[in-house]
Each structure stands twice: as structure tokens, then as C-alpha cells.
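The values are calculated or read from the model by the stated rules, or taken from the named source; none is laboratory data. These numbers come from a predicted model, not from an experiment. We place every Cβ from the backbone using ideal geometry, glycine too, and count neighbours over all the protein chains shown. Surface accessibility is based on the protein's heavy atoms, side chains included, excluding ligands, DNA and RNA. Shrake-Rupley method; radii C 1.70, N 1.55, O 1.52, S 1.80 Å.
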Amino acid sequence: MSANSADSKTPVDVVLVKAGRTKIRYPARLLGDDGTRIAVRAPWAGDTTRDFGFVRFESGDVFTEYYWRDRWYSVKEVRDARGALKGWYCDITRPAALSGAELVVEDLDLDLWRSADGTDVRRLDEDEFAESGLARRDPEAAASAMAALDELEALALKGDFEALLA
């Protein structure tokens, strides 16, 4: 499936897989697919508000999500119900696969947050990543995941983050 128009209303299901099981599945609208990068938009898919302490995801929030077929991460731009930018939540993942109306992504436990003003950049869930055993089971994938986290953090700290999504 390919859609290059920002007006696309093509429905897709985003399927986030973790440790071989579906962690979450939610409906989204395909915004674009250039063959490498896939963009979708979806409302907050959680049943309840999720308060991380540094940001809250809640009903009415809108996520514009960017996935790559050749990169080990996804970037989710988060806006509140009024359209104000909260920041970007990034998942370290294996490269995405779009098959029919399913966008499948394997979550590798590492995450990064960058606030809208760029003053808060934080690595998340490194303990979960270590406990996952990926480094032992698949050292090459673990190295790719850590390199992806380092790359995103460097972009977030330098202020080049928005250029990644342009």
C-alpha cells in the first residue's frame, strides 16, 4: 500500500509487538508512505490517562507517528486536544513492515522522550531492555537498538529533531 497524499484517509491498524506477542493494536489513518518512511495519525490509544511524570498521555491527544522500513525506531509527535505540541515519544523498534492494512512494529523496550521546547530529553526503559535478554539472544539486534537510541538522543539534543520528520 502506498499513499503519498497528506489528505489520505486510508485506515490502517498499528500493531505493536513485544516479545512475540501483540502488546497493542489500534486504528490509525495513513498520511503517507514514500517507500521508506510511513506516517500515520491516531488518537491516544490508551484506555486511561498515562502519567509518566514528565508528560501525560490522555483522551483527546493526537499522535502523528513516523515509522521507517530501514531504521530501528519510530517517532511519535504528541499534541493535546487543542493542538498544542507536548513533545515526541520515540520507540526503539525493529524496522517497520506495512502489509495490507497492518503496520507491524516490534518494540525493543528502549524509548526516548523529547519535550516540545527541547529542554527535556530523556532515555527511558534501559532497565527493561537489559532484562529482556536481547543482548544475549540477538547481539546484533541489541547493538542496532542501542545505536538507534544514541542517534535519536543526539538529534534531540542538537535540535535537529524536526528535520528528521520533515
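Can you list, bin by bin at 5 Å, the percent of alpha carbon pairs in segment 23-67, starting at 0?
Result, from short to long distances: 5, 20, 23, 23, 15, 9, 4, 0 percent.
Quick check: pseudo-label points 7 Å beyond the Cα along Cα→Cβ at A130 and T22, how many nm apart are they?
Simple spin-label model gives 3.4 nm for this pair.
Over what distance in Å are the Cα centres of segment 5-48 and segment 123-152 separated?
Their Cα centres are 23 Å away from one another.
Among the DSSP beta bridges whose two residues both lie in the chain, what percent are antiparallel, rounded to the nearest 5?
90 percent
Whole-Hz Karplus ³J(HN,Hα) for segment 59-69, in order, using 6.51 cos²θ - 1.76 cosθ + 1.60 and θ = phi - 60°, x for Gly and Pro?
So the J values, rounded to whole Hz, are 3, x, 5, 10, 10, 9, 10, 10, 10, 10, 7.
I need the peptides 102-109, 141-148 ranked by packing, meaning the mean over residues of other C-beta atoms within 10 angstrom, with the highest value on top.
Final packing ranking: 102-109, 141-148.
For the chain, give the percent of accessible area contributed by carbon and sulfur heavy atoms, probe 1.4 Å, rounded to a whole number.
48 percent
Separation between the A97 and F52 pseudo-spin-labels, each 7 Å from Cα along Cα→Cβ, expressed in nm?
2.7 nm
Apply the Karplus parameterisation 6.51 cos²θ - 1.76 cosθ + 1.60, with θ equal to phi minus 60°, to every residue of segment 40-54 and state each ³J(HN,Hα) to the nearest whole Hz, in sequence, with x for glycine and proline.
Each residue of segment 40-54 in turn: 9, 10, 8, x, 3, 8, x, 6, 9, 5, 10, 9, 8, x, 9 Hz.
Within 10 Å, count the other beta carbons around each residue, average over each peptide in 48-55, 75-82, and list them highest first.
Ranking, from highest mean packing down: 75-82, 48-55.
Using a probe radius of 1.4 Å on heavy atoms only, what accessible surface per residue do you get for the chain? Whole Å² is fine.
Accessible area per residue: 51 Å².
State the Kirkwood hydrodynamic radius of the chain in Å, one decimal place, computed from all pairs of distinct Cα atoms.
One decimal place: 16.2 Å for the Kirkwood radius.
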